[in-house]
Amino acid sequence: MKLALFILFAVITAFTYRLRSINLRYLKQHGDRVPEGFEGAIDEEKLRHSSAYTFASSRLGLWDSLFDNAVLVLFLFGGLIAIYDRYITGIGASTTVSAVLFFLLLTWFLTLLGIPFDLYGTFRIEAQYGFNTTTLRLWTTDFLKSQAIGALLLIILTAVVFQLIHWSPENWWLWVWGFMALFSLFMMFISPYVIEPLFNKYEPVTEEGLEGEIRAMMEKAGLKVGKVLQMDASKRSRHSNAYFTGIGKVKRIVLYDTLIRQMSHGEIVAVLAHEIGHWKKGHIWKRLLWAETMALAGSWVSFKLLAWPGLPGLLGLPGDLSLPARMVLLGFVASLVLFPLGPFSAWRSRCHEREADRFAADLTGRPEDLASAMVKLSVENLSNLFPHPFYAAFYYSHPPAVERVRTLRQLANTQKGGE
């Protein structure tokens with residue numbers, strides 16, 4: 001079985017690398033022409049710059065993936081997990097403390113291994129293509145903050161989960177699922193007020209007249225939002241974006257200051273109308289419901305498989321592995337089994353994005369504004385305008401930019417024809 005799992009892992013990995021290669025080859029073949037809808041917004045020189053950025057980012061992602069997979073093979077198939085597990089259990093701590101140490105030390109180790117790739121991506125690639133504005137000091141501060149927050153959350157989650165397992169050994173799967181669901185909702189409430197301000201400065205939108213236009217559009221949509229804020233994203237990067245954060249009464253709209261500088265008021269309002277579409281169409285709750293349904297099923301399956309004595313033997317490991325080590329093994333096996341579901345999730349997400357685009361076009365009555373915003377976002381962020389159709393179908397959570405712009409402009413022409 002160990003050999004069979006290794007072959008399955010190798011086949012899946014080779015398939016993903018092949019998709020990456022096909023996508024880059026497609027970009028090389030088609031990336032020298034200005035796509036439909038982008039005339040006047042991008043020229044051949046900018047296209048070459050955009051393609052070069054995609055190739056550079058993809059190469060870094062490939063090396064990062066190869067390194068991660070090599071570590072994974074050594075850790076799981078090479079038996080290092082058993083050595084690590086014996087070391088943790090040999091400390092003699094309680095079951096809960098041992099579990100916390102197991103996951104915390106493993107997470108820190110993997111994070112440290114990823115630092116060189118993160119640094120190269122930020123200070124070499126992002127800087128080379130004009131995006132990076134962060135300093136090494138700020139990067140270090142962000143890193144330490146994120147590690148501290150991540151460690152605290154990991155300790156809390158692991159401690160509570162293993163206490164629930166100890167308290168209810170026959171039904172812990174249900175209690176753990178319930179706790180994780182409530183914890184996720186809790187984090188959605190407190191994150192805008194506690195965590196996000198630790199990294200960025202948030203203040204009311206300073207662009208004259210913009211907040212009024214946004215609130216008028218929100219009122220038209222029948223959606224109440226506590227605050228409309230701008231974020232000092234330019235302190236770290238020139239990439240632009242906008243998003244909703246929070247849930248319930250703490251919902252807020254956040255605009256990157258880079259986005260405000262790049263777009264007209266109409267384009268910004270259109271982008272936010274798209275985000276509102278996700279709320280009004282129920283995409284947020286549908287995704288939460290789907291995620292929690294899958295999590296509930298996964299908790300029950302995990303409960304059964306973690307109690308199965310043959311689980312460690314799937315990778316040729318000793319049967320006395322601790323529960324945390326078994327969880328790591330199960331997570332790996334699950335990633336292989338669930339791999340075919342990836343394209344389905346991406347397809348569902350693209351359907352939601354198309355619905356949100358249509359909602360924004362109907363709400364504002366100006367599909368051209370959203371189309372123009374998509375063009376600017378794609379050009380300014382050096383997005384790949386020529387993804388291979390199969391690669392996009394397999395991975396993309398959003399329809400390709402050229403397709404979105406074409407659809408929106410067709411809607412605009414339809415509206416004009418009906419006037």
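Here, each number is a calculation from the coordinates, and none is a lab measurement. Remember, it's a predicted structure, so these values are computed and weren't measured experimentally. Backbone-built Cβ (ideal geometry, glycine too); neighbour counts: all protein chains shown.
Bridgeable aspartates and glutamates around Lys227 (alpha carbons under 17 Å apart, same-chain partners fewer than 8 residues away excluded): Glu196, Glu203, Glu207, Glu208, Glu211, Glu213, Glu219, Asp257, Glu275.
Treating each Cα of region 130-237 as one equal point scatterer and applying the Debye formula with no solvent, the log10 of I(q)/I(0) at q = 0.11, 0.21 Å⁻¹ comes out as -0.61, -1.12.
In region 244-315, the alpha-carbon atoms span a convex hull of 160 Å³ per residue.
The alpha carbons of region 304-419 stretch over 73, 27, 21 Å along the principal axes, in descending order.
Helix 367-380: angle to the longest alpha-carbon principal axis of the chain, degrees 0 to 90, nearest 10? Orientation of helix 367-380: about 60 degrees from the principal axis. Ordered by the number of other Cβ atoms lying within 10 Å of each residue's own Cβ, fewest first, Lys224, Lys251, Lys28 fall into the sequence Lys224, Lys28, Lys251. Highest-first packing order for the peptide set 332-345, 76-89, 399-412 is 399-412, 76-89, 332-345, based on the mean count of other beta carbon atoms within 10 Å.
Restricted to Cα atoms, the chain shows a radius of gyration and a Dmax of 23.8, 77 angstrom. Going from the fewest other Cβ atoms within 10 Å to the most, the residues Leu104, Leu255 appear in the order Leu104, Leu255. Here region 1-148 is treated as an ellipsoid with the same Cα gyration tensor; its semi-axes, largest first and in whole Å, are 39, 24, 10. One decimal place: the segment Thr95-Phe339 gains 84.7 nm when fully extended, by the rule 0.36 nm per residue minus the C-alpha distance. Neighbour counting of Cβ atoms within 10 Å sorts the residues Ile276, Ile91, fewest neighbours leading, into Ile91, Ile276.
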